[in-house]
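A short write-up of the structure that comes next.
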Amino acid sequence: MNSPQIRNLTFKKIINSVCRFYNISPSSIFSHTRKKDIAKARQIVAYLARERLKESYPTIGRRLGNRDHTTIIYSYWKIKDEIEKNKDLNRDINFILDLIEEKRGFKTNNNKKIRSSISSEKIKKPPFLIRSLEDFPKQGLSSSQLFRQFDILKKYKEGWTLEEIGREYKITRERVRQIVERGLFYDAREITKQGFVIDLNEFLKEEKRKHLLAMKIKHGIPIERAKKPKKEKRWSKYYDCCRKCGTVIIPHRSYGYCKKCFPKTEIFKELQEASRLRNIEKRRKYVNEYSKKYSKRPEVIERRKKRWDLKYFSGNREEALLRDREQCQLCGLSRKESYEKYGEDLCVVHIEGKENNSLENLITLCRRCFNLNRGKLKNLKLQI
């Protein structure tokens, strides 16, 4: 919509022209109603104020009944997008702009022509929509009104419901709500006078929470909130069940397979093989270094000795060494001297056949005597 800028355009002119075009009251623009025609008129006012007056979103929100700036942003972009698609809306907005410039009049549903002069109806802020302490009206109440306001606010904080307070003072619940809100605003103002900085919206929310808690205590309502039923979670983001076994109980692992089925798939085997080939040299180096350190552990050496003894001597090797007093039966070399001279333990060998592991068939020799008598073991006599 490309039309020349209008001289002496004000926010008040925009509201009055939009309201006259849609045949609604200007006060309804500031109300909380969400009727379709009023909501549409409110969005058009926000659009024109932003497009023509170049006002900020928070400023437009405050002037439209202290609405949040995000609401104004949504209204502006909604109308801006619809103008490009809807020719009727584009025509209506152009007609409203002409109406602001007093170029034309238009007829209502009663076929009565209305002059295009701006209505003299005053635009007032709706009560209790103020959200800043500076904008709140000054205290102008009589002593009796102040006492009633103090008493109503006290009962509200003690947990009285709006209906109970209304019956006590013979006023409506809406009137009670207004008096309570006014009293809370004055309380907040007194707090700021003491030098504290507070967030007004958070202060009102906290007071409402305290009121609900006090009301539950006063009327014996359980304070614990009922837990909302948890939403049923899907098995996976992209899969309803396991691709192989169809389970939804076992957790999802990857590629639509559960934790049990994924290791059996070709995808897992390919990933595993690729990882092995990628890290084979690194793994081989690590294994070699670890094996050297592992083989030098005392418990490993002892365990290997026991395993060797059990495999080739049926566990009788140490008994044969103890029987032979841990020395060579030919030269008398001790076990300690064998370690010092040859760097190894004494040999326990079979006299006849390696299948017979009895003590009578075992003899203790040093390395030298064993090499010299390798083929003559049958002729040796066991000396105990």
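The values are calculated or read from the model by the stated rules, or taken from the named source; none is laboratory data. All figures in this text were calculated on a predicted structure; none of them were measured in a lab. Glycine gets a Cβ as well: all are built from the backbone with ideal geometry, and neighbour counts include every protein chain shown.
Just one residue in the set SER291, SER275, SER295 is surrounded by 11 or more Cβ atoms within 10 Å (Cβ to Cβ) and among the small types (Gly, Ala, Ser); that residue is SER275. Filtered by the rule that a residue be in a helix (DSSP H, G or I), more than 22 Å from ARG209 (Cα to Cα) and basic (Lys, Arg), the stretch 141-184 gives ARG148, ARG167.
The residue that is surrounded by the fewest Cβ atoms within 10 Å (Cβ to Cβ), among those in the stretch 157-173 that are under 39 Å from the mean Cα position of the chain (by Cα) and either touching a residue at least 40 places away in the same chain (Cβ under 8 Å) or more than 24 Å from ILE221 (Cα to Cα) (or both), is GLU158. Whenever a residue of the stretch 11-28 is touching a residue at least 12 places away in the same chain (Cβ under 8 Å), its partners that are of a type in the set (S, T, N, Q), lying with C-beta atoms within less than 7 angstrom and at least six residues away or across chains, give the pairs ASN16/SER119; CYS19/SER25; ARG20/SER119; ASN23/THR108; PRO26/ASN16. Being more than 30 Å from ASP240 (Cα to Cα) and surrounded by 11 or more Cβ atoms within 10 Å (Cβ to Cβ) is a property that ARG283 has. Is it fair to say ALA49 is assigned to a helix (DSSP H, G or I), touching a residue at least 24 places away in the same chain (Cβ under 8 Å), assigned by TED's automatic domain parsing to the domain that holds ASN90 and under 14 Å from ILE72 (Cβ atoms)? In short, yes.
One line per residue, one yes/no per condition, for (1) touching a His at 6+ places or on another chain (Cβ under 9 Å); (2) on the phi < 0 side of the Ramachandran plot; (3) at pLDDT below 85:
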{"position": "GLY61", "(1), (2), (3)": "yes, yes, no"}
{"position": "LEU64", "(1), (2), (3)": "no, yes, no"}
{"position": "GLU101", "(1), (2), (3)": "no, yes, yes"}
{"position": "GLY105", "(1), (2), (3)": "no, yes, yes"}
{"position": "LYS125", "(1), (2), (3)": "no, yes, yes"}
{"position": "ARG131", "(1), (2), (3)": "no, yes, yes"}
{"position": "PHE136", "(1), (2), (3)": "no, yes, yes"}
